[in-house]
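The values are calculated or read from the model by the stated rules, or taken from the named source; none is laboratory data. Keep in mind it's a predicted model, so treat the numbers as computed, not measured. Methodologically, a virtual Cβ is constructed for each residue, glycine included, from the backbone with ideal geometry; neighbour enumeration extends over all protein chains shown.
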Amino acid sequence: MIKLTNIKQSYLQGKSIVNVLNGIDLNIAKGEKICIIGPSGSGKTTLLNILGLLENPTNGSIQINSKDCNSMSLEQKTLFRRKNIGYIFQNNQLLEDFSVIENVAIPLILNNFSKHYSLNKASEILKTLGLEDKVDFKPGTLSGGEQQRVAIARAVIKKPFILLADEPTGSLDEENTKKVMEIILSIINKIDTSLVLATHNLDLVKKFDKCFKVDDGLINEFKI
């Protein structure tokens, strides 16, 4: 279970305080697929960053897998995130100095698995995603759809408790959007991981168990 209670987030902009989230309550069951929609600037990315322990809320509590994340030190959050949270970014954030297979293996290496084991596991998952002939390529030589498949492989290789995806198809055409979403949902179902995905694409909403709309710093269930 993932539980957010009364999450608020504000930023100082010049001399003014900008309120982005104004008291978010959200419960996500294990294996549940959640979609977050809302206009640009509504706070979707901020909400995902708080869920991913990349950002501390101004107020409110975060519990992930029965762990009180508010009481964790920065180091504890980093270790917890490495083991339990996968993140797919819109711009993929692949490391250009590393090959495709090295990018995918990094999460396992950071969790103290051997390089040999990590590369073998990376090779296996890349093969399932149809990228076995790209393992030694640099990310910049791949198409947008291929890069996002690499980003998916990197995010799920450690079988995280929760997978966060911030507009993962935002820069893709319709064909690649369909492929990427099929891949994400197929993997999620296999590893029984909770998914929270932010998107502008209302066509994707029906693929999820629940959908929520973030607007004016508040969250409400959006009936599918």
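For the stretch 185-208, a residue qualifies if it is over 21 Å from I50 (Cβ atoms) and out of contact with any Ser or Thr (no Cβ under 9 Å at 6 or more places or on another chain), and the qualifying residues are L185, S186, N189, K190, I191, D192, L202, K206, K207. Assessment of the stretch 4-25 against the conditions (assigned to a loop (DSSP other than H, G, I, E, B) and at pLDDT 90 or above) yields no matching residue. When you scan the stretch 64-81, do you find a residue that is assigned to a helix (DSSP H, G or I), touching a residue at least 24 places away in the same chain (Cβ under 8 Å) and within 15 Å of L4 (Cα to Cα), even just one? Within the stretch 64-81, not a single residue is assigned to a helix (DSSP H, G or I), touching a residue at least 24 places away in the same chain (Cβ under 8 Å) and within 15 Å of L4 (Cα to Cα). Residues that are at pLDDT 90 or above and either closer than 21 Å to I62 by Cα or touching a Gly at 6+ places or on another chain (Cβ under 7 Å) (or both) within the stretch 180-211 comprise T193, S194, L195, V196, L197, A198, K210, C211, listed in sequence order.
If you go through the stretch 43-77 and keep only what is surrounded by 20 or more Cβ atoms within 10 Å (Cβ to Cβ) and touching a Gly at 6+ places or on another chain (Cβ under 8 Å), you end up with G43, K44. From the list I50, I101, the lone residue that is part of a helix (DSSP H, G or I), within 17 Å of I162 (Cα to Cα) and within 20 Å of the chain's Cα centre (by Cα) is I50.
Of the set (1) of a type in the set (A, V, I, L, M); (2) at pLDDT 90 or above; (3) under 19 Å from K210 (Cβ atoms), all apply to L108 but (3). The set of residues in the stretch 154-179 being surrounded by fewer than 22 Cβ atoms within 10 Å (Cβ to Cβ), modelled with pLDDT under 85 and in contact with a Ser or Thr (Cβ under 6 Å, 6 or more places away or on another chain) consists of T177 alone.
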